[in-house]
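What follows is one structure encoded as structure tokens, with my remarks underneath.
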Amino acid sequence: MKLNTNNNVYIIAYSCVMVVIVAFLLAFVSSTLKPRQDVNVALDKKKQILAALNIRDLSDQESEAKYAEVVLKDEAFNLNSADYKAGNYKIYECQVNGEKKYVVPVYGMGLWGAIWGYVAVNEDGNTIYGAYFNHDSETAGLGAEIKDSKAWQDKFIGKKIYGADGNPALKVVKSSELKNPENEVDGITGATLTSNGVSDMLQDGFKKYKTLLNHE
């Protein structure tokens, strides 16, 4: 008996079989590629931490070697609170040119999505040594400059994180609103909301790191 390929039962059965086959293939490819993807994600994170330490433009192999050299404690100084146990707030203890540095990860929201960064702090726990910021979907040429503009990231070097009262004083503000050069960084022109997001991210992040940086 000839199979009726125009029959609704046949069409539904055929579709179900194809969906199962495609789903299996996608799952297989994903599981096969995952180890390599995990390696790439870990390497990218190391490069971002190195960038905060003003170490950039290295090859993958050079980055791995340099990270192993300068990062003394990977994700050190965990506290006992729920946030620290969850891995949300950690500090990387590093040594660059014989000097101790601490790299602090920070997380926030920009105009269109998540933003994050790594801020390197001198041993005094208050002076910024370097910074690197990244984003998911900020506007090219505007908010995306938090990642693309090294010149803007370099503006954070030498800034003080905490004020005399021990609270975070580091802010990103409009150039017309700059009042305290020691703690304030000029925002990105045309990207006010993204700049505000970076400012809020730093304020919130360093408030949580007060204990670890000995400002509480």
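None of the figures in this text is laboratory data; all of them are computed from the coordinates on show. In this text, all values refer to a predicted model and were calculated from it rather than measured experimentally. Virtual Cβ from ideal backbone geometry, glycine too; neighbours counted across all protein chains shown.
Per residue of segment 181-189, in order, report the coupling 6.51 cos²θ - 1.76 cosθ + 1.60 (Karplus, θ = phi - 60°) as ³J(HN,Hα) in whole Hz, putting x for Gly and Pro.
Whole-Hz 3J(HN,Hα) from phi for segment 181-189: x, 5, 10, 10, 10, 5, x, 7, 4.
Nearest 10 degrees is fine. How inclined is helix 192-208 to the longest principal axis of the chain, computing both from alpha carbons?
Roughly 70 degrees between the two axes.
Quick one: which residues, 5+ away or cross-chain, put their amide H under 5 Å from the amide H of Val96? H built at 1.01 Å from N.
Here Lys101 satisfy the definition.
Using +1 at the Cβ of each Lys and Arg and -1 at the Cβ of each Asp and Glu in the chain, identify which of Val17, Ala42, Tyr118 lies farthest towards the dipole's positive end.
Value: Val17.
Ordered by residue, what ³J(HN,Hα) values in Hz, to whole numbers, does segment 129-142 give under the Karplus form 6.51 cos²θ - 1.76 cosθ + 1.60, where θ = phi - 60° and Gly and Pro are x?
Listing the rounded values in order: 8, x, 8, 9, 10, 9, 7, 8, 7, 6, 5, 4, x, 10 Hz.
Rounding to the nearest 10 and keeping the result within 0 to 90°, find how far the Cα-based axis of helix 8-52 lies from the longest principal axis of the chain.
For 8-52 against the chain, the angle is about 20 degrees.
Once you charge only the Cβ atoms, +1 for Lys and Arg and -1 for Asp and Glu, what is the size of the charge dipole of the chain about its Cα centre, to the nearest 20 debye?
In debye, rounded to 20, the chain gives about 520.
Along the charge dipole of the chain, Cβ charges K/R +1 and D/E -1, which of Leu178, Ser149, Ala164 sits furthest on the positive end?
Of the candidates, Ser149 comes out farthest on the positive side.
In whole angstrom, note down how far apart the Cα centers of segment 171-197 and segment 116-147 are.
The two parts, judged by their Cα centres, are 13 Å apart.
If I fit a long axis through the Cα atoms of helix 60-70 and take the longest principal axis of the Cα atoms of the chain, what angle between them do I get, 0 to 90°, rounded to 10?
The helix 60-70 is inclined about 40 degrees to the chain.
Greater than 18 Å separation of Cα atoms is the criterion. Which listed pairs, Lys47/Lys150; Lys90/Lys150; Lys46/Lys208; Lys100/Lys207; Lys45/Lys171; Lys90/Lys171, meet it?
Pairs exceeding 18 Å: Lys90/Lys150; Lys46/Lys208; Lys100/Lys207; Lys45/Lys171; Lys90/Lys171.
Between Val172 and residues 5 or more places away or on another chain, which pairs have amide H atoms under 5 Å apart, with H built 1.01 Å from N, and which residues are they?
Val185, Ser199
Where nothing but the Cβ of Lys and Arg (+1) and of Asp and Glu (-1) is charged, how large is the charge dipole of segment 161-216 around its Cα centre, in debye to the nearest 20?
Dipole of segment 161-216, to the nearest 20 debye: 80 debye.
What residues have an amide H closer than 5 Å to that of Lys210, excluding those fewer than 5 places away on the same chain, when H is modeled at 1.01 Å from N in the peptide plane?
Residues meeting the amide H criterion: none.
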